[in-house]
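Bear in mind these aren't lab numbers, they're just calculated from the coordinates by the rules spelled out. Just so you know, these numbers come straight off a predicted model, no measurement behind them. Here the Cβ positions follow ideal geometry from the backbone for every residue, glycine too, while neighbour counts run over all protein chains shown.
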Amino acid sequence: MPITRIGLQWRLLFSHLLVMMVGVGSLIIIGKVSSPRFFVVHLEQLEGTGFRLRYARTELVQGFETAWNHGTFWSVIAGATAAGGLSYWLSKRIMQPLTQMEHITQKFAAGQLDERLPITEIPEFNRLGVSFNRMASSLEGVEQRRRELITDLTHELRTPLTVIRGYLEELADGGIEPSPEVYYQLVRETTRLQRLVNDLQELSKAEAGYLPINLQAVNLRPLLESLVQRFFDQVLEDGPVLKLECPAQLPPVLADPDRIEQVMVNLVGNALTHTETGSITVRAWVEPLKLWVAVIDTGSGIAPGDLPHVFERFFKAAPSDESNSRGSGVGLAICRRLIELQGGKIEAESELGKGSTFRFYFPLV
């Protein structure tokens, strides 16, 4: 049998037996060579004290060698049996968590992600098991969110497709007359479909690192002013107040202006979606080596259990109102990846019913 086909358990067993054989062999060789000499020296010392052993020395040495050989033989037999059994037991105990891990990974491949490794008495395997179980929980969560995303996307896609199909069938049958309002509704629904497809494509590119990032020295003040003005025109009279809190002069940051705008449009758009009244504040401030930008709203907020997961892909917080059910659930994941690709970091704070704060920073030039 090729050595590559021998399992780890038998390799451990053979290694233990090899160590035992080397140890026993060394003991026998050294004992065989040195023990008779030491015995003769001991006899000579006895003769020096008055014992007359000269004529019986040969028989005594031969008797000692015979006794030593017999004792060594049975000691080797007993020791090898005990050591072999113990080595087999230890090898089996070491292999047990690895075998369990193999069985669990096979179940993972079959789609069963609820299996976990039990705690073992071996510290190294126990740490491996903890890491393995953490990975399994993460995979199970990703799979669950993927299924939820597919369900949400199916719902999101079904609605505009149904509307578009209904209008087209009515137009083809002559049930309604072509009009700018009908065409505008069709454009609105196709735009909604395009947004969903673009979100998924952006997320895929961002996570794969394929999004082009053009880093340069950027002054964020004009960009933030333009952004606030653009959204200010969309806010209803009874809607939230949109304002900018930013120093007149900001130091330049190393970033991509197009990607910053993409992140800000997403964050401010989310804030408008979840804030019916109150205020939405875009704030910028400077810290050593960093420039921070925050979007602060007084909207519905995020539940404490959902907050740690808002930047994860496929995650959608539990809706607290009808407006919260919109969106594909990948926008914040795209924002996080875009900011990380520019050397920054994004954070979130929120209190349910009182509002949320999303802030990120870029390194100064």
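Quick notes on this structure:
- Stretched out straight at 0.36 nm per residue, the stretch from residue 244 to residue 197 would grow longer than its current Cα-Cα span by 13.8 nm.
- Contour excess over end-to-end distance, with Cα ends at residue 99 and residue 188 and 0.36 nm allotted per residue: 26.4 nm
- Order of 95, 264, 135 - criterion: other Cβ atoms within 10 Å of each residue's Cβ, fewest first: 135, 95, 264
- Here 155, 309 are placed in order of increasing Cβ neighbour count within 10 Å, fewest first, which gives 155, 309.
- R0 of 45 Å, Cβ-Cβ distance residue 143-residue 357: FRET efficiency to nearest 0.05: 0.90
- Segment residue 345-residue 122, extension gain: residue separation times 0.36 nm, minus the distance between their alpha carbons: 76.4 nm
- For the range 141-208: rounded, prolate or oblate by the Cα gyration tensor [a/c cutoff 1.5]: prolate
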